[in-house]
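The values are calculated or read from the model by the stated rules, or taken from the named source; none is laboratory data. These numbers come from a predicted model, not from an experiment. Using ideal geometry, Cβ is built from the backbone for each residue, glycine included, and neighbour counts are taken over all protein chains shown. Heavy atoms of the whole protein, side chains included, go into the accessibility calculation; ligands, DNA and RNA do not. Shrake-Rupley method; radii C 1.70, N 1.55, O 1.52, S 1.80 Å.
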Amino acid sequence: MFRRGLLLGLTLALAGCQTVGPRSMKVGRGQYNEVVQRTDGEQLLLNLVRLRYRDPPLFLEVTSIASSLSLELGLAANSELGTFKRAGMPGTSVAYIERPTITYAPLHGTRFGQQFLTPIEPRVLLLLYHSGWAIDRIFKVFIQRMGPLPNAPRASGPTPDRAPLFLEFFRACELLRELWVAGHLEFGETLRGEQAVLVMHIEPSLAADPRVAELARLLGLPGPTTTLMFTPTLRSHEPGMIPLVPRSLLAAMYYTSQGVDPPASDVRSGVVTRTVDEGDQPFDWARVTGKVMRIRSTRRKPGAAYMSVFYRDRWWYIDDDDLDSKSTFSFLSQALELLASDVKANAPVLTLPISAG
């Protein structure tokens, strides 16, 4: 009977080895994927709140995930005493044990400088555009000046104490969006001599459209044109070329963090910067970031939030029905991955070796 129990246990172990691998991958891969995605989002939200409070940001990368799954077989013999007989009753046990190993690495030094402090290159703007992101969202987040139009340039750092200049820039973005949504505008790259420059082509049939004339006036062009050419410099001496000053990724995060809505008590106590307009009245940053990002706070954990994180004794969250904020949050997440250094080229890997004990 003992031999039969041993044989049965070995049979179960071999069968388990053949089935536990695929099953564990089916369940485990999705769970690891979900947790990494959620914690990456919580880290980004946390750093946006930190920037609003002038606290230093920190990114802790998941550099690897290794999970070993082992199958362990146990045998036991129990004695049963009766009035007339004694029998040995063999028993078996099978256990699956997972031993995950997760490696983290703080992002700092040269890697941090390359990824977060270097101004966005024109090709990145094009990659984001061809990924389907709206032209106005790309420009509001990653461009701090377009021609003569400032887009709250001081908001590219800690919250300024004076109201920013942004209205004409926003109007130009509104016109670009209208043309883009209607399918009248394409954004791409062209060669000017030996230099690659960004270019926007508006349908030639709209040359007399009032929006084209207004756009040319806002951008300081000598007259209406259906071809807008941009150069990543502060000034351009070539006629028709529009200077485009991009933000770095950290500057874009600072700009987005102005959408963090701190409690009034923190503003009164001076924990966060109080921004005022020319009449020394409080400036509402929702005028700048209302269609970009809105991060609220509450004492209790929000029930239906798209993303939430606990910091400074409060819960900070993005409403699940705030589509603009959700879009910008996903947009920033994609930009983070796009601008990741080559060191992070090896994404978190999940391995599930199966061994029978």
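When segment 204-220 is filtered for residues that are under 14 Å from Leu175 (Cβ atoms) and outside any helix (DSSP H, G or I), the ones remaining, listed by number, are Asp209, Leu219. Residues that are more than 29 Å from Leu117 (Cα to Cα), hydroxyl-bearing (Ser, Thr, Tyr) and open to solvent by 20 Å² or more (accessible area, probe 1.4 Å) occur at least once in segment 269-277.
Look at Ala216 and say whether it is of a type outside the set (Val, Ile, Thr), over 21 Å from Arg123 (Cβ atoms), more than 32 Å from the chain's Cα centre (by Cα) and surrounded by fewer than 16 Cβ atoms within 10 Å (Cβ to Cβ). No; evaluated as a whole, the condition is false for this residue. Scanning segment 284-335 for residues that are among the acidic types (Asp, Glu) and either at pLDDT below 95 or surrounded by fewer than 18 Cβ atoms within 10 Å (Cβ to Cβ) (or both) returns Asp284, Asp313, Asp319, Asp320, Asp321, Asp324. Residues in segment 160-180 that are touching a residue at least 40 places away in the same chain (Cβ under 8 Å) and open to solvent by 60 Å² or more (accessible area, probe 1.4 Å): Asp161, Arg162, Glu168, Arg171, Arg177, Trp180.
The test for being open to solvent by 10 Å² or more (accessible area, probe 1.4 Å), over 16 Å from Leu179 (Cβ atoms) and of a type in the set (Ser, Thr, Tyr) does not hold for Ser257. All conditions but one from (1) over 30 Å from Glu278 (Cβ atoms); (2) touching a strand residue (DSSP E or B) at 6+ places or on another chain (Cβ under 8 Å); (3) at pLDDT 95 or above apply to Val181; the one that does not is (2). Only a single item in (1) over 26 Å from Ala152 (Cα atoms); (2) buried (at least 17 other Cβ atoms within 10 Å of the Cβ); (3) touching a Ser or Thr at 6+ places or on another chain (Cβ under 8 Å) is not met by Ala207, and it is number (2).
Would it be correct to say that Thr227 is β-branched (Val, Ile, Thr), open to solvent by 30 Å² or more (accessible area, probe 1.4 Å) and touching a residue at least 12 places away in the same chain (Cβ under 8 Å)? Answer is yes for this residue. Of the strands (runs of 3 or more DSSP E) lying entirely inside segment 233-341, the ones with 2 or more residues being in contact with a helix residue (DSSP H, G or I) (Cβ under 9 Å, 6 or more places away or on another chain) are found at 241-246, 305-311, 314-319.
Here's the yes/no breakdown for (1) touching a Leu at 6+ places or on another chain (Cβ under 9 Å); (2) not aliphatic (A, V, I, L, M):
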{"residue": "Val181", "(1), (2)": "no, no"}
{"residue": "His184", "(1), (2)": "yes, yes"}
{"residue": "Gly193", "(1), (2)": "no, yes"}
{"residue": "Ala196", "(1), (2)": "no, no"}
{"residue": "Thr231", "(1), (2)": "yes, yes"}
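Please indicate, with yes or no, whether at least one residue in segment 127-138 is under 22 Å from Tyr53 (Cβ atoms), open to solvent by less than 50 Å² (accessible area, probe 1.4 Å) and under 22 Å from the mean Cα position of the chain (by Cα). No, there is no match, as no residue in segment 127-138 is under 22 Å from Tyr53 (Cβ atoms), open to solvent by less than 50 Å² (accessible area, probe 1.4 Å) and under 22 Å from the mean Cα position of the chain (by Cα).
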